[in-house]
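Read through the structure below, which is laid out as structure tokens, and then see the notes.
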Ligand code: ZN
Ligand code: FE
């Protein structure tokens, strides 16, 4: 397992610092802000090896320029999006090696069209695609694309831990419970994650297996989820993409 530390930023972002346990240099994933990263590096004595970016939104890229100026590290980011200071455009199947880690690039369009994730044997940095107990909004892509991206992530090994870029778990679980009020795994997870937040701890990362059991957006194949989506839409739904589209729009309505 890599060593991974959370740097909280803004209201609810996490910037992840990842390295092999034997390393003192780390990857910086999605630095939306530079100041908390610099503070964390100076306090811990870590130094940066590279910056990895999942997509172009400012809360994931705003810190790149100042960090690049200060540390002169290479910046990896999706080939299909405008990423400041990007040295290495990455696409599906590329590998990034730094800080003693090797990460594979997965293209996961939906939240944005060029969004990528970075996966090792045991962890995946999902940006705003798969959230713990939820998924990102469809700003650029369509439901079909996002569902395929989520399925690609869900197909990773059971031992994978999900590191997403926001602390949204409790809000997402409230929606999960609206969709599946009788799912005991969701109820148990709410109690556990609530306790974590009360202790001031992050609820990220989460095991991929728990996501498969409690995240409605990974459960469009489950009869209870289909029935809830059909009841909400008031019509029969014939594909998982349609079910996914109804779930995503339903959550957007509740968030609005
Ligand atoms: Zn975003
Ligand atoms: Fe974001």
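The numbers here are math on the coordinates, done by the rules we state, and not lab data. Not measured: the values here are computed from a predicted model. Note: ideal-geometry Cβ built from the backbone for every residue, glycine included; neighbour counts use all protein chains shown.
Comparing 78, 66, 109 in a Gaussian network model of the chain, where Cα atoms under 10 Å apart are tied by springs, the biggest mean-square fluctuation is seen for 66. If you take the Cα centroid of the range 201-256 and the Cα centroid of the range 28-95, the two points sit 31 Å apart. Beta-bridge orientation, the chain: approximately 65 percent antiparallel, per DSSP, counting only bridges with both partners inside.
Across the range 185-232, the volume of the C-alpha convex hull divided among the residues equals 86 Å³ per residue. Taking 0.36 nm per residue of separation and subtracting the current Cα-Cα distance, fully stretching the chain between residue 187 and residue 65 would add 39.7 nm.
Arranged from fewest to most other beta-carbon atoms within 10 Å of their beta carbon, 162, 179 become 179, 162. Estimated purely from DSSP H runs of n ≥ 4, each contributing -39500 (n - 2.57), the mean residue ellipticity at 222 nm for the chain is -11000 deg cm²/dmol once divided by its residues. In the elastic network of the chain, a GNM with C-alpha springs shorter than 10 Å, the most mobile of 105, 222, 75 is 222. Averaging the sequence gap over all C-alpha pairs within less than 8 Å and six or more residues apart, then dividing by the number of residues, gives the range 3-255 a relative contact order of 13 percent. Peptide packing: for 186-199, 113-126, the average count of neighbouring Cβ atoms within 10 Å per residue gives the ranking 113-126, 186-199, highest mean first. Could you tell me whether the range 43-115 comes out rounded, prolate or oblate from its Cα gyration tensor? Rule is a ≥ b ≥ c as square roots of the eigenvalues, rounded for a/c under 1.5, then prolate if a/b exceeds b/c, otherwise oblate. Oblate, because a/c is 1.5 or more while a/b does not exceed b/c. Helix 223-233 sits at what angle to the longest principal axis of the chain, using alpha carbons and giving 0 to 90 degrees rounded to 10? Orientation of helix 223-233: about 80 degrees from the principal axis. When restricted to Cα atoms, the range 1-123 yields an Rg and a Dmax of 13.1, 37 Å, respectively. Largest first and in whole Å, the equivalent-ellipsoid semi-axes of the range 3-255 read 32, 19, 15, each the square root of five times a Cα gyration tensor eigenvalue. Taking the Cα centroid of the range 138-174 and of the range 99-133, what is the distance between the two, rounded to the nearest whole Å? So the two Cα centres are separated by 9 Å.
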